[in-house]
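First comes the structure, then the notes that go with it.
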Amino acid sequence: MAVVLWAVRAESSRGRLHPEPDAATRSPWQRDRDRIIHSSAFRKLQYKTQVFVNHEGDFYRTRLTHSIEVAQIARSVARELGLDEDLTEALALAHDLGHPPFGHAGEEALQENMKPFGGFDHNAQALRIVTLLESRYAAFDGLNLTWETLEGLAKHNGPLRKPPPYVVEYNERHKLDLATYASAEAQVAALADDVAYHSHDLDDGLRAGLFTTDDIRHLPVVGDALAEARRSSLDVPPARLRHETIRRVINVLVTDLVVETRRRIAALDPADANAIRRAKRPVVAFSPVMAEANFVIKEFLFARMYRHWRVKRMTAKARRITGELFAAFNADPGLLPDDWRPRAGEPGNTTRAATTIADYIGGMTDRFARDEHLRLTDLSVAG
């Protein structure tokens with residue numbers, strides 16, 4: 001494949017906050033990917049909610065399986081576009097590290113409780129994890145990832161006009177050029193997330209019986225994929241029909257993404273990766289027709305899956321557990337475990353204490369959060 005001028009390159013990397021010798025056998029972004037995979041935050045994703053709480057079924061996606069699916073899609077797209085696959089994969093694997101237990105329900109509860117203290121944002125929390133909370137190395141806090149990976153984590157959804165407090169704080173130490181777009185690799189990881197969301201939420205929703213194939217046959221892209229899947233075999237069983245449909249949905253979305261991105265790059269004619277960052281709009285994108293189709297699919301999933309009464313019952317309980325955990329610890333930070341209590345400082349409803357509590361709760365798995373809630377509220381359970 002010809003050299004792609006706008007791909008991120010190791011020789012032009014802006015390096016790490018804490019300088020380290022280059023690895024003899026791995027590129028900077030292969031090292032970043034490996035550090036992410038070996039982090040405790042990444043391991044805990046296997047027990048964090050995507051849509052269904054972990055104990056609801058072994059076949060539903062978790063944050064970990066979602067991240068792996070995003071990485072597979074992102075790497076395939078990066079390869080097709082001639083971008084750096086390892087940086088793209090690292091960003092895809094790390095993009096959900098900041099999610100608390102119980103998915104969006106847990107995040108909403110933390111957002112509400114953290115309002116007086118600067119708020120809670122899972123993207124900012126991911127940056128906080130990889131630059132501060134992971135404690136694995138003697139010489140520095142965090143994972144000491146490259147500038148390009150940190151930039152992609154902070155800005156994969158676009159320039160940050162009003163960055164969260166921790167992003168502002170980190171940017172004062174290590175400038176991430178918050179007003180520009182991220183690399184094409186980061187943009188690919190962001191839209192691979194959308195592809196994975198739509199495809200696996202349709203899959204999980206069908207599997208859970210929240211809607212049927214008849215309910216989705218009117219949807220753009222999905223309806224055509226379903227019709228093609230049915231034509232592939234006159235007697236295809238329901239489970240195989242579901243898989244045949246979903247794989248066709250992924251193919252159509254990815255194909256459109258690649259075609260539109262090539263069109264935008266040809267129009268921009270970037271000389272290097274920095275030209276991608278300085279562009280006035282993203283270069284990685286769906287076509288207008290596909291973007292509208294994605295919007296329709298998302299609206300369907302909100303109405304028929306995320307707001308389904310079965311899902312809402314579980315998310316209501318999850319939101320309550322998360323909120324009660326925060327309230328209990330914030331009322332008395334002395335309830336925190338030994339290794340967390342000193343970080344909270346003196347009691348008194350302070351930003352330092354609240355941030356420490358949010359870090360502690362945010363790092364919990366679904367199961368640990370439920371158990372910790374019982375330990376704090378049920379006299380029959382030992383503390």
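Structure above, values below:
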{"item": "Gap separating the Cα centres of region 237-310 and region 97-146, nearest whole Å", "result": "27 Å"}
{"item": "Residue among Asp141, Asp235, Asp194 with the largest mean-square fluctuation in a Gaussian network model of the chain, springs linking Cα atoms under 10 Å", "result": "Asp235"}
{"item": "For Glu134, residues with placed amide H under 5 Å, excluding near neighbours", "result": "Gly142"}
{"item": "Over region 184-310, equivalent-ellipsoid semi-axes from the Cα gyration tensor in Å", "result": "32, 16, 11"}
{"item": "Positive-end residue of Leu5, Ala138, Gly362, charge dipole of the chain with Cβ unit charges", "result": "Gly362"}
{"item": "Proximal lysines relative to Lys175, as straight alpha-carbon distance under 27 Å, when same-chain residues fewer than 8 apart are discounted", "result": "Lys115, Lys155, Lys162, Lys280"}
{"item": "Magnitude of the charge dipole, the chain, Cβ model with Lys/Arg +1 and Asp/Glu -1, debye to 20", "result": "460 debye"}
{"item": "Ellipticity estimate at 222 nm from DSSP helix runs (n ≥ 4, -39,500 (n - 2.57)) divided over the chain, nearest 500", "result": "-18000 deg cm²/dmol"}
{"item": "Along the chain, longest interval not containing exposed chymotrypsin sites (Phe, Trp or Tyr not before Pro), exposed being DSSP loop plus at most 16 other Cβ atoms within 10 Å", "result": "141-339"}
{"item": "More than 33 angstrom apart: percent of Cα pairs within the chain", "result": "35 percent"}
{"item": "At q = 0.16, 0.20 Å⁻¹, base-10 log of I(q)/I(0) for region 57-186 (Debye sum, equal scatterers on each alpha carbon)", "result": "-0.88, -1.27"}
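Taken together, the values in this text are just the output of simple stated rules run on the coordinates, not laboratory data. Here the structure is a predicted model, which is why all the values come from computation and not from measurement. Counting neighbours? That spans all protein chains shown, and the Cβs are built from the backbone with ideal geometry, glycine included.
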